[in-house]
1. In whole percent, what relative contact order does the chain give with Cα contacts below 8 Å and a gap of six or more residues?
2. Report, in debye and to the nearest 20, how large the dipole of region 218-330 comes out about its Cα centre when Lys and Arg carry +1 and Asp and Glu carry -1 on their Cβ.
3. Could you give the dipole magnitude of the chain about its Cα centre, charging the beta-carbon of Lys and Arg +1 and that of Asp and Glu -1, in debye to the nearest 20?
4. So how do LYS308, LYS32 line up by other beta-carbon neighbours within 10 Å, fewest first?
5. Residue farthest toward the positive end of the dipole of the chain, with Cβ of Lys/Arg at +1 and Asp/Glu at -1: which of ILE74, LEU291, LEU18?
6. What is the gain in length, in nm to one decimal, between ASP8 and GLN254 on full extension, counting 0.36 nm per residue of separation less the C-alpha to C-alpha distance?
7. So what are the radius of gyration and Dmax for the Cα set of the chain, in Å?
8. Please list log₁₀ I(q)/I(0) at q = 0.13, 0.22, 0.30 Å⁻¹ for region 269-330, using the Debye equation with identical point scatterers on the alpha-carbon positions.
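Every number in this text was worked out from the coordinates using simple rules, so none of it is lab data. The structure displayed is predicted, hence computed values, not measured ones. Cβ sites come from the backbone with ideal geometry, for glycine too, and all protein chains shown count toward neighbours.
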Amino acid sequence: MDSFEWVDATSVEHAVALLAAAAGPGGPIVAKAGGIDLVDLMKEGVVRPARVVNLRSIEGLDRIAFDERRGLSIDALVTLAQIEASPEIRGRFPALADAARHAATPQVRNAATIGGNLLQRPRCWYLRNHYFHDEGVDAAAALASGEHQYHAIFDNAECSLVHASTPATALVAYGAQVHLAGPGGRERTVPLAEFLRPSRFEQVRDTVIEPGEVLTRVTVPAVAPGARAAYHKQTERESYDWPICDVAVVLEMQHDAVAAASIVLGWVAPTPRRASASEQALVGKPITEALAREAAARAVAGATPLAKNRFKLPILEAVVRRTLLAAAGA
Ligand SMILES: Cc1cc2nc3c(=O)[nH]c(=O)nc-3n(C[C@H](O)[C@H](O)[C@H](O)COP(=O)(O)OP(=O)(O)OC[C@H]3O[C@@H](n4cnc5c(N)ncnc54)[C@H](O)[C@@H]3O)c2cc1C
């Protein structure tokens, strides 16, 4: 790993000022939260910063708060372990608590922050190998004909990279928003579904965050009384693993019928994908095995699997059906 300068940020404003400084000839200036993804990429030689701005030194950016009117607020430095353990999140946003609980390992969850999790780079052998960046190799072509079995089965004509964050699947289902602080005191709020953007090999980030901006918190609107939710991450093995796909379901109920549904599919498209046709199939009806089966069939319609990831289709269909039934308690 190349040497770099380390700076402890003392506040969000300080971090913004440090990150907004023009990158020197020695390389870019990058933020570090838990460091799980960043240090990995630095060790691989994919990211070679001149300066690392440590965000973990900012005090008070690690709180979870809930208010019936404003909903849930999760500061950027809250760890996945904190989300998993929060009684407020477990009680009111169980799909998010489950998504955090099933991400990575206990050690990783203790260090990984929600901000860094949403900003991590895709898991792709080609993207994470400096050879494909340094040598002018056509990584997109290598991926198209190579090892793409865990990549996108939807919207993959240009590039099949998928976003890595599994908590994002649940957060998009709950309608989360991301809050950013930038140079000149500028603050902005972006729906998470719009914050995440399709990855490309030539990009250095997979979100609409701009250079110099710091992600300060994630907010989630309060769910309707009686709402039901479930999350499932399907892996190849029982031990910690990246998903084949993950699915989050949030249902607003009126008596026994679905009043509104949010079904989000992760790891099957460049960004978490709303299964809109499945959602529409549910409205006004009670969830039954037959209806869940129909909604699941709709969720996979229009998929364009690649040579090595067709196996994801029946798995995704089964996971949508089971997660729907779990959410409904059926
Ligand atoms: C074995 C293993 C299994 C894993 N399994 C999963 C899994 O199942 N699901 C999953 O979602 N993840 C998984 N991960 C990935 C892990 O969760 C992420 O690497 C981690 O969440 C990143 O968070 P961090 O705080 O360490 O971010 P960092 O590595 O510190 O930062 C990541 C990126 O975000 C930027 N950044 C961080 N915070 C901010 C901020 N507040 N504002 C602006 N920029 C910022 C950094 O510059 C960097 O580009 C796994 C990792 C490992 C090692």
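1. Working: 727 pairs, mean separation 55.8, N = 330.
Reported as a whole number, the value is 17 percent.
2. Charge dipole, region 218-330, about its Cα centre: 300 debye, nearest 20.
3. Here the chain has a charge dipole of around 600 debye.
4. Sorted ascending by nearby Cβ count, the order is LYS308, LYS32.
5. After comparing all options, I get LEU291.
6. On the way: separation 246, 0.36 × 246 = 88.56 nm, distance 5.05 nm.
Full-extension gain reported as 83.5 nm.
7. Every Cα atom of the chain included, Rg and Dmax give 19.9, 63 Å.
8. -0.34, -0.88, -1.37
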